[in-house]
Amino acid sequence: QVQLVESGGGLVQPGGSLRLSCAASGFTLDYYAIAWFRQAPGKAREGVSCLSPSDGSTHYADFVQGRFTISRDNAKNTVYLQLNSLKPEDTAIYYCAAVQPSTLIAGTYCPGLPDEYAYWGQGTQVTVSS
């Protein structure tokens, strides 16, 4: 019943943009930490961005360098990742993930490790190539 489905990936040229979507069903995303991870061939899965449910704060990996934006549409139960100024090294499968805190946390809640997330989508491929 609980499901996350990513979409919006594709092939773009360097400098191009994509908007990735993560649609949730079976639960409401606004009460969960929502993160985007990515995994390139032969590399470990790494965190890209996270949106905290408690304070609404957003967080990004250093390699983002201001190029990406995470956002949420509560009415659509969907989280987005806007990818701008894409580079070839951004090529990867992008996954969305969600986790609900086990205790009440008033501040930021954004786990940084993949194994801290309970729910995962199947991923969407982003390829940046000229």
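Quick look at the numbers
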quantity	calculated
Checklist (1) in contact (Cβ under 8 Å) with a residue 40 or more places away in the chain; (2) assigned to a loop (DSSP other than H, G, I, E, B); (3) open to solvent by less than 60 Å² (accessible area, probe 1.4 Å) applied to ASP55, failing item	(3)
Residue match in the stretch 93-107 (condition: at positive phi and either acidic (Asp, Glu) or assigned to a loop (DSSP other than H, G, I, E, B) (or both))	no
Members of the stretch 58-71 found to be assigned to a loop (DSSP other than H, G, I, E, B) and either within 21 Å of TYR31 (Cβ to Cβ) or modelled with pLDDT under 95 (or both), listed by number	GLN65
Among residues of the stretch 118-130, those that are closer than 21 Å to PRO41 by Cα and not in a strand (DSSP E or B), counted	5
Residue that is least open to solvent (accessible area, probe 1.4 Å) [pool: residues in the stretch 1-34 that are of a type in the set (Gly, Ala, Ser) and under 12 Å from ARG72 (Cβ atoms)]	ALA33
Test: residue in the stretch 44-51 that is without any contact (Cβ under 8 Å) to a residue 60 or more places away in the chain and not aliphatic (A, V, I, L, M)	yes
Identity of the residue in the stretch 118-130, of a type in the set (A, V, I, L, M) and in contact with a Ser or Thr (Cβ under 9 Å, 6 or more places away or on another chain), that ends up surrounded by the fewest Cβ atoms within 10 Å (Cβ to Cβ)	VAL128
Residue check for ALA97: at pLDDT 95 or above and more than 24 Å from GLN1 (Cβ to Cβ)	no
Hits in the stretch 59-117 - residues which are under 20 Å from ALA44 (Cα atoms), open to solvent by 10 Å² or more (accessible area, probe 1.4 Å) and of a type in the set (D, E, K, R)	ASP62, LYS87, GLU89, ASP115, GLU116
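The values are calculated or read from the model by the stated rules, or taken from the named source; none is laboratory data. Since this is a predicted model, take the numbers as computed values, not measurements. So basically every Cβ, Gly included, is an ideal-geometry build from the backbone, and we count neighbours across all protein chains shown. Note: accessible area is taken over every heavy atom of the protein model, side chains too, but ligands, DNA and RNA are not part of it. Shrake-Rupley method; radii C 1.70, N 1.55, O 1.52, S 1.80 Å.
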